[in-house]
Every structure is written in structure tokens, then in C-alpha cells.
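In what follows, a structure is listed as C-alpha cells, so that the remarks can point back to it.
The values are calculated or read from the model by the stated rules, or taken from the named source; none is laboratory data. Because the structure is predicted, anything quoted here is derived from the model rather than measured. Cβ sites come from the backbone with ideal geometry, for glycine too, and all protein chains shown count toward neighbours.
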Amino acid sequence: MTSKQVKPRFGAVRTASGAVRPLSGVRITGGLLHHWQRRNSLATIPHTIGQLRAAGNVTNLSRLLDQDPAPYRGRYPFLDTDLYKTLEGLAYELGDDPAQKPAREFFEEVVGLLERVQAEDGYLNSYFQDPAATKRPWEDPAWGHELYTLGHLVQAAVAAGRRMGDDRLLRVARRFADLVVRTFAADGVCGHPEVEMALVELYRETGERAYLDLAATFVDRRGTGRLRHSIFAGDYFQDHVPFRELESVTGHAVRMAYLAAGAADVFLENGDRSLLETLERLWDDMVATKLYITGGLGSRHADEAIGDRYELPPERAYNETCAAIALMQWAWRMFLATGGAPYLDVFERVLYNAYAVGLSADGTAFFYDNPLQRRPDHRQRSGAEPDGEPLRRAWFGCACCPPNIVRWTAQLADYVAAERDGAVLVGLYTPATIETAELDLAMETSYPWDGEVRLTIERAPDGPYGLALRVPGWARGATVTVNGERQDVTAAAGWITLERRWTAGDTVVLILPMPVRAHGSHPYLDATRGTVSLARGPLVYCVEQQDSPAAAVDDLLVAVPDIAVARTGGLDTRQAPEAVRTAFGEAVVLHVEAAAAPPPPAELYPSIPPEQPLEEALPEARVATTFVPYFLWGNRGPEAMRVWVRTMTPRN
């Protein structure tokens, strides 16, 4: 069969220069990710549009048309980005369903305003264009975020062009980008990386080399003394040493991951091997010493930053939702650059845990930070707020996370599969259709709840063709059949590759065993020493107080028994994982028989008699406890929660 012309549905990353190429001919048709996308359309997007109007993001633009503009609304000079991220998500939505009236009306309104308020030289920022602004354009590169704002404008514009065939926003973005090329040709860099990714994508879209060159220049200018640091030191900005000399991921977590993703984009286009070597070194160190088990990045609230190696406290984990998105962007680009399955392992861990937890089950409330433990008196805060909410909230003064969720959820299909010459690589498992110039297939699965993945070939080339299936690092004993016949293949570097002459109707079934796993932590990770966490498939689990009525998950009353699990003897599950109904549909929970450990002492630091063993023994009393997927916690009220649960030694 000859190759067919596939209707272009280019996604967020469009490069032909990596070890593998992104594949945009994918549609998610069912399962958990499909539910997330429907929730995004029906709940999160309408909610976000309403909040953007109420917060003044739209009027911050429209007021610039007035002779005597009203005051700028909001504390931060980068609030236009919340509009741009939302527009990017809407471009995906409207590209698939142009008839969505509220989304279309908002898109038209904001694009129309941007066309009208853009300055003659191309500059565009509703904060700095205000005649009453206390700062002038480009005056404060450390905190002005003007290039960061341009970056999100460009990404929205590229999405509108690719998904909707609408180039109005692209014309606006290019005028601003051309101004930036002229302004920053000789000097300067932004305090918040992000524009690097956008400039590379604008180069891919337009072929204009100046955008790529400036992106590469911005990466190389970091750490060379061009940015005036204030409030925080240079490492906060990843600006204390040149990028290639960074010893470890550091500083503000979102900035760090965006910078690394932009550097990966630069490598993909100009082939600078020293950039890739730096990125691989930073990635490996991060995964080994600085990444939470949920895939969250950033342990410090004070500066929203990555901590020292092994500094990973669960109850004060910051793990900003935007950092989860930025980390997935970095992971995807590393996969494109190398074809390495471990990058997708991290991508998937972040997706189903650190990212998914940021949104409520109904799609209208958000976590800014995502701890792995909630004490009964904990309140969510972002920035320097005097008070906080018990759980997720509807909006924030710095609302970067909600519209980031809007755009990322809308584009999830772009990260399901990739291709290289002569092969398709399936990296994420979800009900979907995948179309390429050579091969079409349909995927059915209940993943992540179940490890069976069925792929049916719907159109095949005349000759041999490869189908590569990712085997996650947690999967042991994966098997595959073709038309019911077991294949004598094993995973190599995280992939099972089948190469044969396919026929329409051929069926491939991949089985990924999903036993419940208990994870310990590195002995240097003091915050979780002596505890375990539970996982199944790509999902990390937690226990909420609602599911442990007989023992405390984390109680302020010292007379209440504590919950614990055995340190040795294997994981004691009371029964097999069970599918239950939740607010969004079916989910798999874990039933665990735990110990009702003695109540903790009243003293904060009790003295241990010399004759008493330092390690307590597991008591005889047992309690039935249910562990739920971490991303679902906090939807039933503000009770205590733990991912990491204490362990005790069984009695002899």
C-alpha cells in the first residue's frame, strides 16, 4: 500500500531533527486522559474564562484603548500570560470543534484587543504600556517578565496557526518577536526563561533564522553578568554560572525546567552536542537526587525553588503545578533528542501524579503547590499571602497554574506517539487513533488502571514496518502477542520493538503486569527515612483520614493510634486492588491491612531508656486502610493525607 497524505495537525513541538519526530496525527478517544480533556472543555475552560474576566486580565488590555486608562488590575506585570496560555488551549479546542461558542467568543475578543493595543513598534504588554506604570519597558529584566510574556504569546500564536489555520495572532507575535530580536541582538536576557522554547518554535514555524539564533544566545548569556539580581541571588535565576557549568538543577523550579526545555529545543535545531551533554547530566542528577516520587520538582516555598540534593520534605513540598508542566516539556524534548524511554517514564510519572493532582475532580479548583502530606492544620498558600485555603482554590492572585492546566490538557494527544524512519513509537497508553503516512492503528486500554494494551492495525505499508512499545521502568515481565501468538521478544532500553509485514486487522496485545509496589527512599533522604510509599503502574497512592477511621493518618491528638505498615515480609494487601466509582468515573484503590500503632508520646523529643530498643515493634492490632490515587486526594474535605507511611518491625 502506498503512503497516504495525512491531514496536518501539527502540535506544540514541530521538529524533524531529533532521534525521533513528534507525531501529531493522534486523537485520544477514551479513558482517563479523554475524561480530563472533556472536563477541560466543559468545566475548566469556562471557569478560567470567567475568572480571567473577573480578575481584570481582559480589561487590562481594553483599558489601553481609553484616553485616560483605568488603573492596571493585579499585582504582577505578567498577567497577560494567563490570557495567552488560555488562548493556546482554546486553539486546540477550536481546531477540533470550531462551534464552541463561548470559547470562540473569548478567543475573538482577546485576539481583537491584542491587534488593537499593540504598539507601533510591536511592543505588547498591558502593564508596561500603561502611561501610569512605575517602570518603563525593559527597565527590570529580572522581574519584568516581558520576554516570558512574549514566549507565551508566541506559543498561543503558533497553536492558533497550526490548529485553527488562523494567523492573526501569529502576525501580532512576530511583530513583537522582531522587536525583541532588534532590541536584544547585542545584550540582555530575561529573568524568567520561557521565551527560548517559543523562539525556537517560531523559527520552526516561519523559517526565520534570527529567532533560533536569539534563543541560543539567551541560553549562552545566562551566568555572564548581564542580569541584575534582586531579592534573590543569582542561582535563583540560573544565572550565577554559565548554563553549561551548572552542577545541578537549581533555583526557581519553573524557570529551571523552562530553561532546560529551551536549551533542548536549541540543541534539536543546531546540534550543539555540549548542550545535550549538559542537559543529560542535569537530568540524571535531578532524577537521582531532587525529584519527588510523584514527579514533583521544587521543595522550597520561600523562593519556589529546587532544594539541595536529597532535600525532599513531603509535608512542605512545593512542587508547583507549573513546574510539573515545565518538567514534562523538558522530558518530551529529551525524548525527541535521544529516543530514550526513561524520559517518558518521568513524563508519565509527572502526568499522572504531580500534574494531575493540581486540579480538582470537578475541574474548577486548583492547587498551586502540591505537598505529599497534609497535616490537619495545614493551609494552602502561594507567595506572601497572610492566609490560605484548606485545599484547592478557585483562583490566585498569581494565577499562572490554572491556564497552564488548560493549555496542557488540551494538547495531551501531541505526546502519545512519535516516529522515526520505518517505525512508530507508542510512548503513552490511552484509547486513541494514530495516523501516520505509512501506518494507522487504533489503541484500546484501561490504562493506567489496567496494564493490558490492545493495538489494531487499520492500515499498513507494503513492506516491513516497526512498531515500538514503551515498557515502563516499573513493569517487570511484560509480554506481547501478535494475533494471539506470544512473541519471543524482550524490552531493550525500555522498548519492545516488533518489525514485520503488517496487514490490516492484525492485533498486538501488550501486557504490563501491575502488582502493588512498596517504595522506600534513599538513606540520605532524611525526611522520609523509615517510611514507605505505595504505587501501582504509573500511579502513586496516598492514604486520607477519611479512609482510615480506626487509626490516625496524621492527628494532633496524641491519644489516637497511628497508622503503620510492616518493614519486612512483603506488602500486606488485604485484597486485590479494587475498581470503585469516583467523582469522574472508575478508579482503582488499594486495600491495605496496616497496624494500629501505639499513640505517639506527648513529648516532642522523649528520652529513650537505655534498655529500650531504638526501633519499635509492630503491634498486634490491625486496621483496614484504603489507599487512593494521589491525584484524587483533597476532593472530599480537608482531612490529613500521607504518601509516605511509617514502618515498624514485625514482632517475632
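Miscellaneous remarks
- Residue in the range 479-494 that is in a strand (DSSP E or B), touching a residue at least 60 places away in the same chain (Cβ under 8 Å) and of a type outside the set (Val, Ile, Thr) present: no
- Criterion violated by Tyr447 - all others in (1) over 21 Å from Gly339 (Cα atoms); (2) in a loop (DSSP other than H, G, I, E, B); (3) touching an Asp or Glu at 6+ places or on another chain (Cβ under 6 Å) satisfied: (3)
- The range 16-92 holds helices (runs of 4 or more DSSP H) entirely within its bounds, and those carrying 3 or more residues that are without any contact (Cβ under 8 Å) to a residue 60 or more places away in the chain map to 45-55, 57-62.
Conditions tested, residue by residue: (1) closer than 18 Å to Trp330 by Cβ; (2) in the same structural domain as Asn635 (by TED's automatic domain parsing); (3) touching an Asp or Glu at 6+ places or on another chain (Cβ under 8 Å).
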| residue | (1), (2), (3) |
| --- | --- |
| Val346 | yes, no, no |
| Cys398 | no, no, no |
| Pro403 | no, no, yes |
| Arg407 | yes, no, yes |
| Ala423 | no, no, yes |
| Ala432 | no, no, no |
| Glu438 | no, no, no |
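- Residue selected from the range 499-537 under the condition crowded, with 23+ Cβ neighbours inside 10 Å and closer than 30 Å to Asp308 by Cβ, by the criterion nearest to the chain's Cα centre (by Cα): Ala535
- For the range 332-341, the condition holds for at least one residue, the condition being that it is touching a helix residue (DSSP H, G or I) at 6+ places or on another chain (Cβ under 6 Å) and among the basic types (Lys, Arg).
- Lone qualifier among Tyr292, Tyr211, Tyr236, Tyr258 - being crowded, with 16+ Cβ neighbours inside 10 Å and at pLDDT below 95: Tyr236
- Of all residues in the range 504-531 being among the polar types (S, T, N, Q) and not in a strand (DSSP E or B), the one that is farthest from Gly295 (Cα to Cα): Thr528
- Hits in the range 500-532 - residues which are among the aliphatic types (A, V, I, L, M) and over 25 Å from Pro371 (Cα atoms): Ala504, Val508, Val509, Leu510, Ile511, Leu512, Met514
- Flag for Phe78 being in contact with a Cys (Cβ under 9 Å, 6 or more places away or on another chain) and either outside the structural domain of Arg162 (by TED's automatic domain parsing) or not charged (D, E, K, R) (or both): yes
- Check on Ala264, more than 22 Å from Gly307 (Cβ to Cβ), in contact with an Asp or Glu (Cβ under 6 Å, 6 or more places away or on another chain) and surrounded by 24 or more Cβ atoms within 10 Å (Cβ to Cβ): no
- If you go through the range 595-630 and keep only what is at pLDDT 75 or above and either within 38 Å of the chain's Cα centre (by Cα) or hydrophobic (A, V, I, L, M, F, W, C) (or both), you end up with Ala624, Thr625, Thr626, Phe627, Val628, Pro629, Tyr630.
- Residue within the range 418-441 that is out of contact with any Ser or Thr (no Cβ under 7 Å at 6 or more places or on another chain) and at positive phi present: yes
- Hey, Arg486 surrounded by fewer than 19 Cβ atoms within 10 Å (Cβ to Cβ), modelled with pLDDT of 95 or more and not hydrophobic (A, V, I, L, M, F, W, C) or not: yes
- Residue check: Gly112 meets all listed conditions (1) without any contact (Cβ under 8 Å) to a residue 12 or more places away in the chain; (2) within 26 Å of Phe396 (Cβ to Cβ); (3) not hydrophobic (A, V, I, L, M, F, W, C) but one, namely (2).
- Lone qualifier among Pro371, Pro376, Pro342, Pro313 - being in the same structural domain as Leu279 (by TED's automatic domain parsing), touching a residue at least 40 places away in the same chain (Cβ under 8 Å) and either charged (D, E, K, R) or part of a loop (DSSP other than H, G, I, E, B) (or both): Pro313
- Any chance Leu259 is more than 22 Å from the chain's Cα centre (by Cα) and under 15 Å from Val195 (Cβ atoms): no
- Residue within the range 132-145 that is buried (at least 19 other Cβ atoms within 10 Å of the Cβ) and either in a helix (DSSP H, G or I) or among the β-branched types (Val, Ile, Thr) (or both) present: no
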